[in-house]
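Presented below is the structure to which this report refers.
The values are calculated or read from the model by the stated rules, or taken from the named source; none is laboratory data. Fair warning: this is a prediction, and the values are worked out from it, not measured in the lab. Heads up, the Cβs are rebuilt from the backbone with ideal geometry, glycines too, and the neighbour counts pull from every protein chain shown. The accessibility values were calculated without ligands, DNA or RNA, using every heavy atom of the protein model including side chains. Shrake-Rupley method; radii C 1.70, N 1.55, O 1.52, S 1.80 Å.
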Amino acid sequence: MPLEAPARIVGELTSRGYNAEREAVTRLAAAENPNAALERVLEEIPDDALVVRTDHVETALSTAGAAGAVGAETVAGAESQPADSTPSVSTGTSPVDGDPTGGSPVETEGSRSADPAQRSLEIVGDMTGQSTGTGEYSDFVSVFRDRLDRLGAKLRGRVNHRPATAIQDMPGGSEVAMVGLVNDIRSTASGHWLIELEDATGTFPWLVMKDREYADLVGELLCDEVLAMEGTLADDSGIAFVDAMHFPDVPRTHEPSTADRHVQAALISDVHVGSQEFMADAWNAFADWLHTPDAQHVEYLLLAGDMVEGVGVYPDQDEELDIVDIYEQYEAFSEHLKKIPGDIEIVMIPGNHDAVRLAEPQPGFDEELREIMSVHDPQIVSNPSMVTLEGVSVLMYHGVSLDEVIAELPEEKASYDDPHKAMYHLLKKRHVAPQFGGHTRLAPEEKDYLIIDEVPDIFHTGHVHKLGFGKYHDVLAINSGCWQAQTDFQKSVNIDPDAGFAPIVDLDTLDVTVQKFS
Ligand code: D5M
Ligand code: FE
Ligand code: ZN
């Protein structure tokens, strides 16, 4: 009896324009004559079907008759163990965890097949179609006012705060507190730090003495973040000496939610299809692996931006393009997406290489691009967005601000080698891109979509092409590596990307395993 790699079946189906449910592929692979079974399915499938589903295969196999031309017996019962239906795992797949052998028999319903009825997927904070910004001055005023109101609300109960203008009228020596946006950070001639905070009434200067314990926190500060300071007014009431700093932060009492069953999500990003460095072999190995029993619990795939390489994103980028037309890049990406099992729910947000506006928040792809990527019926939402998978909330953000956090903060607090630690600072600031006017381009909107309003259970970013994960106050932060080998630019600045890895999260425990495909 022939051994059929599910991947070959998927390839055959996609070449004929079909996506396929994982269980459908498994059943075809388990058939006595998979080719005949596949032909029969395609003969019988309704004309308007885009996805080959398990029931299509079942129907085709059952109508094949007693002659057993397509070997329906091997997938007869839910509990049966078809002995001769070993799917081979494609070469090139080398999972870090788990048993990568193709030696286990194909599992049938109940273990191999997913029950979509058990799934739930909700999106919050998708701003696609909600953009009101016109780039005028009034928009900047609104977005900063909204930021100060909403992040300030997380701090106002914690300190006995006063408006900036009221503080300067208080007698010298008073204990004072203020909630504001960081307007300016300067070191003084004697090595102390002067931090100007701004609120709706005006600004007030706060001095952090270099020998105070809080001095170390100054290195973490970014302009435009919101925080609270407490301190003592100088004799002339013109400045206050800082005694404590408070960040909006994730409360230490935060308890993450988990799924009620064993189900997994793959969190990836930065595919960069269209680049000469796109690693098609690694991607194919990943897609093949998703079709194997090892990946049977992976029911969600989150893609945090940079689907394609794009055009004109960086100087001289065209010299490294494999596909020069942006639409052709998305067509090619879509072909790669089709290799993912059809029953996996996909959520994607754009990144800085994608064909949407560069300024954040970035709305989800437009109709034309959605159409190109429609076969897998992904959820296409804005960058950032919050998606809740079976009760587990995942904040998805592409991660351009991480470059800035890494550049501005001292090495031990944030570095490319530990991208998740840079993410911790965004969680602490409760904002995905605090600094305005720097590297990260921000579009002012009526409200600040970049605030981390609700604490997520998982924070997922990409962009820096480095894999890293860890927990901050029980929030799982994952930066997900990439599918692009080192570019010339990255070589020139010594960025050694983590390419061809897929972090897999158990949604019932929030444990992470990493699968390697390169
Ligand atoms: O960026 C991937 C990583 O590499 C991210 O940390 C930015 C950095 N990068 C890559 N190319 C450039 C250029 N040309 N200038 C500055 N920074 C760069 P991604 O945007 O995902 O390709
Ligand atoms: Fe990228
Ligand atoms: Zn990027």
- request: List every residue pair whose Cβ atoms lie under 6 Å apart, where the two residues are 6 or more positions apart in sequence or sit on different chains, the first residue falls within segment 26-41 and is part of a helix (DSSP H, G or I), and the second residue, located anywhere, is modelled with pLDDT of 80 or more and surrounded by fewer than 24 Cβ atoms within 10 Å (Cβ to Cβ).
  value: VAL41/HIS56
field: Of all residues making up segment 499-513, the number that are open to solvent by 10 Å² or more (accessible area, probe 1.4 Å), touching a residue at least 40 places away in the same chain (Cβ under 8 Å) and under 12 Å from HIS262 (Cα atoms)
entry: 3
Segment 288-314 - residue that is within 13 Å of ligand 2 (Cβ to nearest atom) and modelled with pLDDT under 95 and, of those, least open to solvent (accessible area, probe 1.4 Å): VAL313
field: From ASP377, ASP325, ASP316, ASP366, residue being at positive phi, out of contact with any strand residue (DSSP E or B) (no Cβ under 9 Å at 6 or more places or on another chain) and charged (D, E, K, R)
entry: ASP316
- prompt: Going by the conditions given, is ASP270 open to solvent by less than 10 Å² (accessible area, probe 1.4 Å), in the same structural domain as LEU302 (by TED's automatic domain parsing) and part of a loop (DSSP other than H, G, I, E, B)?
  reply: yes
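Table: residues versus (1) outside the structural domain of TYR330 (by TED's automatic domain parsing); (2) within 23 Å of ASP249 (Cβ to Cβ); (3) modelled with pLDDT under 95.
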residue: VAL375; (1), (2), (3): no, no, yes
residue: PRO378; (1), (2), (3): no, no, no
residue: GLU390; (1), (2), (3): no, no, no
residue: VAL394; (1), (2), (3): no, yes, no
residue: LEU409; (1), (2), (3): no, yes, no
residue: LYS421; (1), (2), (3): no, yes, no
residue: TYR424; (1), (2), (3): no, yes, no
residue: HIS439; (1), (2), (3): no, no, yes
residue: PRO444; (1), (2), (3): no, no, yes
field: Within segment 425-442, tally of residues that are assigned to a loop (DSSP other than H, G, I, E, B), more than 16 Å from ligand 1 (Cβ to nearest atom) and surrounded by 20 or more Cβ atoms within 10 Å (Cβ to Cβ)
entry: 2
- prompt: Within segment 323-332, can one find any residue that is in contact with a His (Cβ under 8 Å, 6 or more places away or on another chain), more than 16 Å from SER269 (Cα to Cα), modelled with pLDDT of 95 or more and not charged (D, E, K, R)?
  reply: no
query: Looking at segment 323-424, what strands (runs of 3 or more DSSP E) fall wholly within it and have at least 1 residues that are touching a residue at least 24 places away in the same chain (Cβ under 8 Å), open to solvent by 10 Å² or more (accessible area, probe 1.4 Å) and among the hydroxyl-bearing types (Ser, Thr, Tyr)?
result: 385-389, 392-396
query: Failed condition for GLU196, given (1) part of a helix (DSSP H, G or I); (2) acidic (Asp, Glu); (3) at pLDDT 95 or above, with all others met?
result: (1)
statement: Here the residues within segment 207-242 that are among the acidic types (Asp, Glu) and without any contact (Cβ under 8 Å) to a residue 60 or more places away in the chain are ASP211, GLU213, ASP216
query: Conditions: (1) free of Cβ contacts under 8 Å to residues at least 40 places away in the same chain; (2) more than 29 Å from ASN494 (Cβ to Cβ); (3) within 16 Å of ligand 2 (Cβ to nearest atom). GLN317 meets all but one. Number of the miss?
result: (2)
task: Out of the residues in segment 233-251 that are open to solvent by 40 Å² or more (accessible area, probe 1.4 Å) and in contact with an Asp or Glu (Cβ under 8 Å, 6 or more places away or on another chain), state the one that is nearest to GLN168 (Cα to Cα).
output: ASP243
field: Within segment 472-496, tally of residues that are buried (at least 22 other Cβ atoms within 10 Å of the Cβ) and more than 15 Å from ILE458 (Cβ to Cβ)
entry: 4
